[in-house]
Amino acid sequence: MAQLIVLVVDNPDLTPDILNAWVSVGVPGVTMLDSAGLGHAVASEGARSDLPLIPSLASLLRPREDPSRLLFSVVPDGFALEALIIATEQIIGSLEQPDTGILFVVPVSQVRGLHPHLRKGHD
């Protein structure tokens, strides 16, 4: 079964090195987004009770001081996930340490658009 790999990187400056490492272990492609978690929002806005449930477009477009980076990719069945994790931690440090990032993997029941040569025996 294909897997969705999601990595939230606390230090976005490390993104180019992570991308190179992921390519070297065979990740077929990566999507990247700037992101900010609850910790960043509370730190910059303070714990306020009047924050809107849905922020305005202006607040979404306003640059954040300390963004994190969200990387995600779908990899085929049989992909060497442990090699990817090792390569990632060689760059950002142990994910068990604070302020490095969060990585998780989710099974993907169906995939459309993954290159056929990457699907390992699936038509």
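For the listed peptides 14-22, 29-37, a ranking on the average number of other beta carbons within 10 Å per residue, highest first, reads 14-22, 29-37.
Using the beta-carbon distance between I86 and N11 and R0 = 22 Å, what value does 1/(1 + (r/R0)^6) give for FRET efficiency, to the nearest 0.05?
E between I86 and N11, to the nearest 0.05, is 0.75.
Just so you know, all these numbers are worked out from the coordinates, no wet-lab data involved. All values derive from a computational prediction rather than experimental measurement. Don't worry about glycine lacking a Cβ; one is built from the backbone with ideal geometry, like all the others, and counts go over all protein chains shown.
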